[in-house]
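The values are calculated or read from the model by the stated rules, or taken from the named source; none is laboratory data. Model, not experiment: these values are computed from the prediction. Methodologically, a virtual Cβ is constructed for each residue, glycine included, from the backbone with ideal geometry; neighbour enumeration extends over all protein chains shown.
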Amino acid sequence: MLKRVKVLTMTAALLAAFGSNLLLGNAIAADKTSEVSVFSDKDLNTAAWLRDAARLDNASYRILESLTTEVGPRMAGTPADARAVAWAEAKFKELGFDKVWKEPVTFPSWQRGEEKAEIVAPFPQPLTITALGNSIATPAGGLTAELVQFATFKDLQAASPDAVKGKIVFINHKMQTAADYGSVQAGRTKGASEAARKGAVAIVIRSVGTDSHRFPHTGVMNYEDGVEKIPAAAMSNSDADMVVRMIKRGKPVSLKLSLSSGANGSYTSYNVIGEITGSELPNEYVLMGGHLDSWDLGTGTIDDGAGCAITMAAAEFIKRQGLKPKRSIRVVLFANEEQGLFGGKAYAAANEKQISKIQAAAEADSGQGPVTQLSSFVRPEAFAVVKQMQAVMAPLGVVAGDNNAYPGPDMGSLRSLGAASFGLTLKADDYFDLHHTPDDTFDKIEPARINQATAAFAVYAWMSANSPVNFGSGQEPLKSRK
Ligand SMILES: [Zn+2]
């Protein structure tokens, strides 16, 4: 099956393909000749056939339809969380996975409750808002205070407490593109504690989203230890625009906020795992997956039902065609990503001592696709095989990335432990229009997009499982290169 070819350990062409950031210390001797294993032409033909066949298959679309119709929203720690776990176990079995099991994940649970806001002066009218995950409640009957506006979280950090004391902080940071998520998200996750330190009574941010619809975007926020907890909510982009127009008129703008959300003890959910067992190296495995939990406002379709469906279908398609992967293929549907990556951290902790068994890790958690780029995080001995994987994916419109891949939020902890990883970048142009809103629903799914992503993940799983070289998890140089 395998073809051995003589190649320069690191040819000029490979260097150009991967970029100079691949020069991992002394791992590469550019002028020596050695043997590197690569896929044979026959293997490459099988992978190309798999790519084209998977792209015509609708399994991921059907799985996502099933999850969003039969379970729907499944916020961590709610009764729907348990229904999602039961759905996942049953679906893996129905799809013919060889082994199906679940591993417990315990976390603090939060419940939403009622949420209301209205401008009480100078132009009374209701606002469309939602509590941010982890927010405490307002006092019964709500709280009313003047708004103080900041353009960004950094501006709030720079503000004098005199400007903030006794007020409701309004961070008006508009997200323009998906690339802004990291910087705009800081106001959501850290804004409440920063505002509280300066004496604010609550915080209501402009939603972290690129849409112009009247849907607020929820998402997790965190309280810093030792800082007073204040209620935290997000208003829709449309409402934020209106509040800005009011503020421009020069009179104080007062807002009444009522939330009854709060902590609700601890809860045990599960990472649900399905495996296609390998024929030659069953104890080594290729990982892929998404997170099973979602926020509660929509039906958790693009975030992250799509990732669950894409990876379940990719593995199932390989099995359905009668192809036998040499290494095992494991699909993990992670518990409670949204409120703090609890499932991903639990999986990494449970597998820390067996990192070398993970051939590769990759996650789908940025929507329905298509996949636009394949990047890697592998040892140099695997570069030639990665290049073959990139070539097989090229007809899908996938371009080659660098060797500094981030596999996704739930797999991030494994990468930090030195797990070989792949980044299958999902096109996220419209992702933040829907993300964490009531509008994250199944009608947004386009079969051509999700089928392409499924084909790319099938190629990733199949070629990683059958790779003639080990990708180097737990070994140098990946071990020291976090
Ligand atoms: Zn997600």
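Some notes on this structure:
Every residue, every condition in (1) more than 30 Å from the chain's Cα centre (by Cα); (2) surrounded by 12 or more Cβ atoms within 10 Å (Cβ to Cβ); (3) modelled with pLDDT of 95 or more, yes or no:
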{"residue": "LEU23", "(1), (2), (3)": "no, yes, no"}
{"residue": "SER34", "(1), (2), (3)": "yes, no, no"}
{"residue": "ASP41", "(1), (2), (3)": "yes, no, yes"}
{"residue": "ALA48", "(1), (2), (3)": "no, yes, yes"}
{"residue": "ALA54", "(1), (2), (3)": "no, yes, yes"}
{"residue": "ASN58", "(1), (2), (3)": "no, yes, yes"}
{"residue": "LYS99", "(1), (2), (3)": "no, yes, yes"}
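- Check on LYS326, over 20 Å from the mean Cα position of the chain (by Cα), over 27 Å from LEU44 (Cβ atoms) and of a type outside the set (S, T, N, Q): no
- Those residues of the range 53-86 which are closer than 18 Å to ARG320 by Cβ and either touching a Pro at 6+ places or on another chain (Cβ under 8 Å) or part of a loop (DSSP other than H, G, I, E, B) (or both), in sequence order: LEU56, ASP57, ASN58, TYR61
- Residue within the range 248-271 that is within 22 Å of ASP410 (Cβ to Cβ), within 16 Å of the ligand (Cβ to nearest atom) and buried (at least 16 other Cβ atoms within 10 Å of the Cβ) present: yes
- Selection from the range 323-339 of residues that are assigned to a strand (DSSP E or B) and either more than 18 Å from VAL71 (Cβ to Cβ) or more than 13 Å from the ligand (Cβ to nearest atom) (or both): ARG327, SER328, ILE329, ARG330, VAL331, VAL332
- Number of positions in the range 407-459 that are within 29 Å of ALA382 (Cα to Cα), within 16 Å of the ligand (Cβ to nearest atom) and touching a Lys or Arg at 6+ places or on another chain (Cβ under 7 Å): 2
- Taking the criterion of being surrounded by fewer than 24 Cβ atoms within 10 Å (Cβ to Cβ), within 14 Å of the ligand (Cβ to nearest atom) and aliphatic (A, V, I, L, M), the only residue of the range 290-322 that qualifies is LEU297.
- Among the residues of the range 394-435, the ones that are over 30 Å from SER356 (Cα atoms) and under 12 Å from the mean Cα position of the chain (by Cα) come to 3 in all.
- Of all residue pairs spaced 6 or more apart or on separate chains, those with beta-carbon atoms under 8 Å, a first member in the range 85-104 that is under 15 Å from ALA315 (Cβ atoms) and a second member that is loosely packed, with under 14 Cβ neighbours inside 10 Å are VAL100/LYS93.
- No other residue among ALA350, ALA362 is within 19 Å of LEU64 (Cβ to Cβ) and either of a type outside the set (S, T, N, Q) or away from the ligand (no atom under 16 Å from the Cβ) (or both) apart from ALA362.
- Selection of the range 443-478 for residues being β-branched (Val, Ile, Thr), in a helix (DSSP H, G or I) and farther than 18 Å from GLY305 by Cβ yields only VAL459.
- Selection within the range 365-385: residues that are out of contact with any Leu (no Cβ under 8 Å at 6 or more places or on another chain) and under 23 Å from ASN283 (Cβ atoms). The member of this set that is nearest to the ligand (Cβ to nearest atom) is SER376.
- Residue pairs meeting the criteria (Cβ under 7 Å; at least 6 apart or on separate chains; first in the same structural domain as ILE329 (by TED's automatic domain parsing) and closer than 28 Å to ARG449 by Cα, in the range 343-365; second charged (D, E, K, R) and more than 16 Å from the ligand (Cβ to nearest atom)): GLN359/GLU284; GLN359/ARG327; ALA361/ARG415
- Qualifying residue in the range 234-243 (condition: under 30 Å from PRO447 (Cβ atoms) and more than 16 Å from the ligand (Cβ to nearest atom)): yes
- For the range 429-461, filtering for residues that are buried (at least 23 other Cβ atoms within 10 Å of the Cβ) and either of a type in the set (Asp, Glu) or outside the structural domain of ALA48 (by TED's automatic domain parsing) (or both) leaves 1.
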